[in-house]
């Protein structure tokens, strides 16, 4: 059985990463800020898939797939904004 501390461990990591990514997107570079937010969301999907506690909203598979799809979509969208030559792909 996991302790309360073990359940909280991934939550601040993902929250801090999301805050930093959004701050980076607003203040410096929207394309790479969006990419970094996608990376953080994908990291959250991996953490949820391995069974992290407080990232749980629905079933483990649903949470992981939803986070992964949104994370990859953010990364792909920001790469297309940064490099328009990728648009035909």
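The values are calculated or read from the model by the stated rules, or taken from the named source; none is laboratory data. What you are looking at is a predicted structure, and each value in this text was computed from that prediction instead of being measured. Methodologically, a virtual Cβ is constructed for each residue, glycine included, from the backbone with ideal geometry; neighbour enumeration extends over all protein chains shown.
General observations
- First in region 71-87 and more than 19 Å from residue 44 (Cα to Cα), second anywhere and loosely packed, with under 14 Cβ neighbours inside 10 Å and at pLDDT below 90, Cβ under 8 Å, 6 or more apart: 79/86; 80/86; 80/87
- Qualifying residue in region 42-62 (condition: at pLDDT below 90, loosely packed, with under 14 Cβ neighbours inside 10 Å and assigned to a helix (DSSP H, G or I)): yes
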